[in-house]
Amino acid sequence: MTRERPPRSVYVVLPAYNEAGNVGAVLKALERTGVETGIQFHAIVVDDGSSDPTAEIVRKYKGRIPCTLLVHAFNRGLGATIRDGLLKAIEQADDGDVIVTMDADDTHTPGAIVDMVAKIDQGYDVLIASRYQKGSLCVGVPWLRRFVSYAGSLLFRAVHPVPGVRDFTCGYRAYRAAVLRQALKRYRREFIDQDGFQCMVDILLKLSRMKLRFGEVPLVLRYDRKGGKSKMKLVPTAYRTLLLLFRRRLGF
Ligand SMILES: Nc1nc2c(ncn2[C@@H]2O[C@H](COP(=O)(O)OP(=O)(O)O)[C@@H](O)[C@H]2O)c(=O)[nH]1
Ligand SMILES: [Mg+2]
């Protein structure tokens, strides 16, 4: 007789700043993927002081997919948003659950979640949807952005290698919930203490000091579907990320 795997939930943290035009499509895609795969999704949307009706759109989807909505009274930036979303996910998840972070702009397709969850079942702890794996596809990404990202990847691999990781900056990831809980115990308030987009790199570098198994799955990035401009400011983010890389390499 085959033993049934106990039901496991996947908590999806969605940082959202003025994503009223996109977040509904993301929640719909999660709902559809849940029906197709049997994965129990629970969305955690953090509306970071949006001036558009992001929160209202999310409330409309609450009956269709289990969903927690956190709202910042004013715009606090991606670092604080990811922190609040991850803390809520860690609070709600069981150790055997999976916690995912994903953009709310409808450029990340949920298929990668299915691949990442399968890898977690194989024994991996942290998975990245990577632009640098066979089978990845990036549609509509401006060339300068591609170039800076790739240069960053090469630099990270040379200066602060993490076995199994090529894409250090992509925010689309899956973590075994127990691992994030462990990291929170180890680092406490310092676990997620970077303000801007560099918070994602920082989380990865901190986790790399723990004995964990890292892996990647191919990313399909549909930048052509992005409604509105990127909120990531390339030059300041690249500068802060570089600074962080060298600080962490030197051990502080
Ligand atoms: N909370 C918060 N989220 C943000 C902010 N800026 C961007 N985001 C969200 O972070 C994710 C990444 O931003 P995005 O514009 O897609 O950057 P890109 O994918 O790097 O071009 C999206 O889900 C945004 O809604 C911000 O100031 N605060
Ligand atoms: Mg995006």
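The values are calculated or read from the model by the stated rules, or taken from the named source; none is laboratory data. Not measured: the values here are computed from a predicted model. When we count neighbours, we look across all protein chains shown, and the Cβ atoms used for this are built from the backbone with ideal geometry, even at glycine. When the accessible area is computed, the model is the full protein with side chains, heavy atoms only, and any ligands, DNA or RNA have been set aside. Shrake-Rupley method; radii C 1.70, N 1.55, O 1.52, S 1.80 Å.
Return one whole number: the accessible area per residue of the chain in Å², for a 1.4 Å probe. Walk me through the intermediate numbers first.
On the way: 12450 Å² over 252 residues.
It amounts to 49 Å² per residue over the chain.
Computed from the C-beta positions of V114 and F252, the FRET efficiency with R₀ = 51 Å rounds to 0.85. Computed with a 1.4 Å probe over protein heavy atoms only, the accessible area of D97 comes to about 10 Å². The Stokes-Einstein estimate for the range 9-249, based on a Kirkwood radius over Cα pairs and taken at 37 °C with 0.692 mPa s viscosity, is a diffusion coefficient of 184 µm²/s.
Pull out the extension gain between K229 and Y150, defined as 0.36 nm times the separation in residues minus the alpha carbon to alpha carbon distance; nm, one decimal. Value of the extension gain: 26.4 nm.
What net charge do the residues around R248 carry, taking every other residue with its C-beta under 14 Å from that of R248, with Lys and Arg at +1 and Asp and Glu at -1? Present the calculation step by step, with values, prior to reporting the outcome.
On the way: positive: K206, R209, R240, R247, R249; negative: E190, D193, D202.
Taking every other residue near R248 into account, the sum is +2.
Across the accessible surface of the range 9-249, with the other protein chains kept in place and a 1.4 Å probe, carbon and sulfur atoms take up 53 percent.
Over 22 Å between C-alpha atoms is what I'm after, so list which of K62/K206; K119/K185; K185/K211; K62/K185; K88/K226 land there. Write down the numbers at each step before the final one.
Working: K62/K206 34 Å; K119/K185 25 Å; K185/K211 15 Å; K62/K185 31 Å; K88/K226 27 Å.
The answer is K62/K206; K119/K185; K62/K185; K88/K226.
Centre-to-centre separation between the Cα atoms of the range 12-43 and those of the range 51-127: 8 Å.
When both the range 200-229 and the range 135-181 are represented by their alpha-carbon centers, they are found 5 Å apart.
Measuring only protein heavy atoms, the 1.4 Å probe finds I120 accessible over about 10 Å².
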